[in-house]
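**Student:** Handing you this structure, nothing more for now.
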Amino acid sequence: MINHVHLLIQVDQKSVSQIMQSLTISHTKHYHFKYGCCGHIWQGRFKSPLVSDDEYLFEVMGYIERNPVRAGIVRRTEDYLWSSYRMNISHKEFKIIDRKDNPMWEKFGKNDQDR
């Protein structure tokens with residue numbers, strides 16, 4: 001998205017606040033170095049609603065992945081470069097997605113073709 005990002009993350013030992021602090025500090029340093037500027041990059045507090053059940057998880061995933069289409073940035077979900085959609089429908093293994101023995105992954109379908 002042009003003016004905001006959506007992250008759907010599972011928190012283990014670090015808090016969402018710690019993760020966001022690390023992310024924004026790292027991004028701001030990179031941005032300042034690349035563009036030779038200074039000052040704030042991120043504005044406002046992030047939202048961090050709790051995703052407590054599987055149905056809501058799929059709803060949130062769908063919302064995030066379809067957002068560029070709703071915003072008119074792309075015509076098809078898979079055309080948005082920064083989306084997880086292509087990774088989620090791919091047959092490849094990715095380090096960022098844990099699919100082994102993952103009951104949530106199995107809910108997408110019984111096999112790769114169904115998913």
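Just so it is clear, none of the values below were taken in a lab; they were calculated from the coordinates. Just so it is clear, the model here is predicted, and its values are computed rather than measured. Backbone-built Cβ (ideal geometry, glycine too); neighbour counts: all protein chains shown.
**Student:** Once the Cβ-Cβ distance between LEU8 and TYR35 is put in as r, and R0 is 30 Å, what FRET efficiency do you end up with, to the nearest 0.05?
**Tutor:** With a Förster radius of 30 Å, E is 0.60.
**Student:** How would you rank 4-12, 55-63, highest first, on the average number of other Cβ atoms within 10 Å across their residues?
**Tutor:** Descending packing order for the listed peptides: 55-63, 4-12.
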